[in-house]
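Working notes, beginning with the structure itself.
The values are calculated or read from the model by the stated rules, or taken from the named source; none is laboratory data. As the structure is a prediction and not an experimental result, all values here were calculated from the model. Positions of Cβ are backbone-derived with ideal geometry, glycine not excepted, and every protein chain shown enters the neighbour counts. Accessible surface is based on the protein model in full, side chains and every heavy atom, while ligands, DNA and RNA are left aside. Shrake-Rupley method; radii C 1.70, N 1.55, O 1.52, S 1.80 Å.
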Amino acid sequence: MERPRTRHLTLRFLLGVVVLTLALAGATYGQTPSNSSPTPVAPVSNPCTRFTGGSVIHQPPALFSQNGALNVQFSYQTTTDLVGRQVFCFMTPSGLENPTLHVSPGDTLNITVTNNTPFSEVGDTDETFNAPTCGDTTFENQAPMTDSQGFSMTGGSMNIHYHGTNSSPACHGDNVVKTLINPGHTFQYNVGFPSNEPPGLYWYHPHVHGLAEAAVFGGASGALVVDGINNVQPATAGLRHRVIVIRDLPFTNPSLAEIPGGNTTDGGIPQRDLSVNFVPLNSTFNPNTSTMSYTPAVIHMETGEKQFWRICNCTSDAPLDLEVRFDGVAQTIELVGIDAVPVNSQDGTQPGQLIPVTHFRLPPASRVEFLVNAPSSSVHLAQLVAQFVYSGPLGDTLPTRPLLTMQVVGNSDMDEPLQDDRVAAYTGLNTNQQRFGGIMSVTPSLTRTVYFEEYEDGTQFFINASGCVTSAGAKCPIQPYPIDTPFDNNHPPAIVTTQGTVEKWIVQNHARENHELHQHQIHFKVLSQDNFDANCIPVGGTGNCGNPPAQSCQTCAPAINGQFLDMVEIPYCGGDPAGPPQIVNGKEVGPPIPPACVTANGGGPPIPYPQVQILADFRGPDIGDFVFHCHILGHEDLGMMAIEQVNSN
């Protein structure tokens, strides 16, 4: 990090209003609820509980669907913790915080949510959303302020995104483009899950552009599980599963901050603190030794036990390179699912083979599910660690940090609720959840080129749909507005496609820090990850993965080719810096001149941009407007998002 990160200062917290609403139990897929004026959900006393560093983590509270529906009431609230940090949460009337929502394929999730956060009109920013809208019509953004302890405070509109779900973007469904829930207002969601939805770990969080980072940074997120993994991947059947939600949060000392240029070596002050199931690491800097210390959470395991860990990188901004270490030695874990799709499950012989790895790179918002063994009695220290990540010359500082200490407690660990303690038993192989099967036999209707770009002062970020060629070789429309235009909810779609098609996307990174592509409503298959090695900048003697003397970016490829994802990371370009953009009427406008990395090594030949090639699957039933964006939410809030429109065939 070598510049002021404006997004972290101005968008520190989202006081978004999330109102999860009670919907009719019999609602059908994409149906508009008949109750247009849902009953408000009252605020709950003592919301947003947080735990002390070093605590034992437990399963988040859980709610389960019955008879094809899960009906939930949420009060979206904010408060401050013991040191003054603003926090956010979804509370049920009974006092459950950010519960894990369990549904089955074909179910409907009915949520009534009331935004019970306070709001001040003094100095606020308003923006009218053009029709058609869903919920409120004016975006409310409270003027940022600082509390007496020095922590940022803000608030305003909210909504809920059901991340990774292949659900409808219609009004009252997973719509983030035109849905606003303002303070004091109540909204009803009816989210239908397809009958062939893959089983796995999804999640939910607020997603109002301009406030998304602050809401997630404040803790407003929870896990969402589509059950049935036991019959798609029998290796999980009967195992104790652990829902592990990693979030980011401010340091207890508001003046502690990463040092410009400090991201090139391990051990620096990280971008932010982390927590695991709301147990903070309590990241502390010792100025006398210039070192960081951490207090990891504890997870219990029984002697000789194999557990099924379901991990969400629910941070607002931080990629995590996860590794299980026994006395400092990396252990093999077996990947079961990535981004809520069981690995190798969509085609070929079933059940699909597990994927053994010794570490896994998890971009912000991505999820990974894997099998892990308890340490033997000869192991002195067993931990889940987030390894050092070098995210480029303009990237954030991401040092090695211990997240969990594995503690063996003998043969009887009865401290978890029974209903959500174990995966169900195997009852027969299920091959009906192959929603994305057969994609390689479909000829892509067209090939698009999409790329990330940014101003190097950290003020604006962009995603551009810059190229389009049909399968017949003809040019097709690109985004209908200039290159490097920041997102606006009232923009026309950057991309228009047709339901039932498959598209090939070439997604490039034209910036000197990592970016992550997230697709709403759909998943994509990773075909290749190109030019990573050519753009690699070896740093600090630990390479890019924390495994000395790794000199290759390819060893850090964040995705596994051939798997279906909704998140993929594209590393930084390794060339020369970008110049400033034009100034028109006192404002920065258009692309930087010159763009980043058009030359390398002080004016030498250009290096091909790092890119990922994917197959985007629009064959599902989802019709309407939704978005694709970088899921570093500070980048998304500052413009790195665009609308895509899927029309009926």
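What is the packing order of peptides 348-361, 629-642, taking the mean over residues of other C-beta atoms within 10 Å and listing the highest first?
Put in order of decreasing packing, that is 629-642, 348-361.
Give, rounded to the nearest 20 debye, the magnitude of the charge dipole that the stretch 382-440 has about its Cα centre when Lys and Arg contribute +1 at Cβ and Asp and Glu contribute -1 at Cβ.
On the way: 3 positive and 6 negative charges, 68 e Å.
Roughly 320 debye for the stretch 382-440.
Select one label from (i) 0.93; (ii) 1.03; (iii) 0.98: the one whose number is Rg/Rh (Cα atoms, Kirkwood Rh) as derived from the coordinates shown.
(i)
Regarding the stretch 134-253, what's the average projected area of the Cα-atom convex hull, expressed in nm²? Each step should come with its number before you reach the end.
Numbers: hull surface 39.0 nm².
Quarter of the Cα hull surface area: 9.7 nm².
Choose one of Ile593, Ile643, His629: the residue whose Cα lies farthest towards the positive end of the charge dipole of the stretch 586-649 (beta-carbon charges +1 Lys, Arg; -1 Asp, Glu; about the Cα centre).
Working it through, the farthest residue towards the positive pole turns out to be Ile593.
Rounded to two decimals, what ratio of Rg to Rh does the stretch 212-359 give with C-alpha atoms and a Kirkwood Rh?
Using only Cα positions, Rg/Rh for the stretch 212-359 is 1.01.
Once the other residues with Cβ under 10 Å from the Cβ of His207 are scored (Lys, Arg +1; Asp, Glu -1), what is the net sum? Please list the in-between numbers first.
Numbers: positive: none; negative: Asp174, Glu636.
So the surrounding residues net to -2.
Might you tell me the accessible area per residue for the chain, computed with a 1.4 Å probe and given in Å²? Could you put the intermediate results ahead of the total?
Numbers: 21710 Å² over 649 residues.
Dividing the accessible area of the chain by its residue count gives 33 Å².
Quick one: give the max-minus-min coordinate of the C-alpha atoms of the stretch 32-125 along each principal axis, largest first, in Å.
44, 41, 22
So what's the convex hull volume per residue for the Cα atoms of the stretch 380-518, in Å³?
Per-residue hull volume (Cα only) is 249 Å³.
What size of dipole, in debye to the nearest 20, comes out for the chain about its Cα centre when the only charges are +1 on Lys and Arg C-beta atoms and -1 on Asp and Glu C-beta atoms? Intermediate values should be presented prior to the final figure.
Details: 26 positive and 56 negative charges, 123 e Å.
Here the chain has a charge dipole of around 600 debye.
Which value results for Rg/Rh of the stretch 358-443 when Rg is the Cα radius of gyration and Rh the Kirkwood radius based on the inverse mean 1/r? Each step should come with its number before you reach the end.
Numbers: Rg = 19.4 Å, Rh = 18.1 Å.
Here the Rg-to-Rh quotient is 1.07.
Given 0.36 nm per residue, what is the gain on full extension from Thr265 to Val298 after removing their alpha carbon distance, in nm?
So the chain would gain 9.1 nm between Thr265 and Val298.
At q = 0.11 Å⁻¹, what log₁₀ I(q)/I(0) does the stretch 89-183 have when each alpha carbon counts as one equal point scatterer in the Debye sum?
Result of the Debye calculation: -0.43.
Note down the magnitude of the dipole of the stretch 342-423 about its Cα centre, charges +1 on Lys and Arg C-beta and -1 on Asp and Glu C-beta and zero elsewhere, to the nearest 20 debye.
On the way: 4 positive and 8 negative charges, 72 e Å.
Dipole about the Cα centre, nearest 20: 340 debye.
Any number yet on Rg/Rh for the stretch 228-279, C-alpha, Kirkwood?
Values: Rg = 18.2 Å, Rh = 14.4 Å.
Reported Rg/Rh, Kirkwood definition of Rh: 1.27.
I'd like to know which of Asn116, Gly95, Thr146 lies farthest towards the positive end of the charge dipole of the stretch 92-147, counting +1 on Cβ of Lys and Arg and -1 on Cβ of Asp and Glu.
Value: Gly95.
Leaving out ligands, DNA and RNA, and with a 1.4 Å probe, what % of the accessible surface on the stretch 56-136 is carbon or sulfur?
Accessible surface attributable to carbon and sulfur in the stretch 56-136 totals 49 percent.
With only alpha-carbon pairs counted, each pair once and no self-pairs, how large is the Kirkwood hydrodynamic radius of the stretch 294-440 in angstroms? Please list the in-between numbers first.
On the way: mean 1/r = 0.0583 Å⁻¹.
Final number for the Kirkwood radius of the stretch 294-440 is 17.2 Å.
Please find the FRET efficiency linking Ser376 to Ser37, where r is the Cβ-Cβ separation and R0 is fixed at 60 Å, and quote it to the nearest 0.05. Display every interim value, and only then the final one.
Working: r = 60 Å, r/R0 = 0.99.
Working from the Cβ atoms, E equals 0.50.
Sum -39500 (n - 2.57) across every DSSP H segment of at least 4 residues in the chain, then divide by the residue count to get the 222 nm mean residue ellipticity, nearest 500.
Numbers: 4 runs with 20 residues, N = 649.
Roughly -500 deg cm²/dmol at 222 nm, from the helical runs in the chain.
May I ask you to list the lysines whose Cα is less than 22 Å away from that of Lys504, ignoring any residue fewer than eight positions away on the same chain?
The reachable lysines, counting only those whose Cα sits under 22 Å from Lys504, are Lys475, Lys525.
Sort His515, His58 by heavy-atom solvent-accessible area, probe 1.4 angstrom, most to least. Each step should come with its number before you reach the end.
Numbers: His515 0, His58 80 Å².
The most accessible residue leads, giving His58, His515.
Towards the positive end of the charge dipole of the stretch 432-534, with charges on Cβ (+1 Lys, Arg; -1 Asp, Glu), say which of Thr443, Ile478, Ile506 has the farthest Cα.
Of the candidates, Thr443 comes out farthest on the positive side.
Based on Cα coordinates alone, diagonalise the gyration tensor for the stretch 137-195, multiply each eigenvalue by 5, take square roots, and list the semi-axes in whole Å, largest first. Present the calculation step by step, with values, prior to reporting the outcome.
On the way: eigenvalues 178, 36, 15 Å².
Each semi-axis is √(5λ); the values are 30, 13, 9 Å.
Sorted by average packing, counted as other Cβ atoms within 10 angstrom per residue and highest first, what order do 464-477, 66-79 take? Numbers along the way, then the final one.
Working: 464-477: 13.9, 66-79: 21.0.
Taking the mean over residues of other Cβ atoms within 10 Å, the ranking is 66-79, 464-477.
Which residues does the label zone of Thr431 cover in the stretch 342-375, counting backbone N under 19 Å from a point 7 Å along Cα→Cβ?
Hits in the stretch 342-375 for Thr431 at 19 Å: 342-354.
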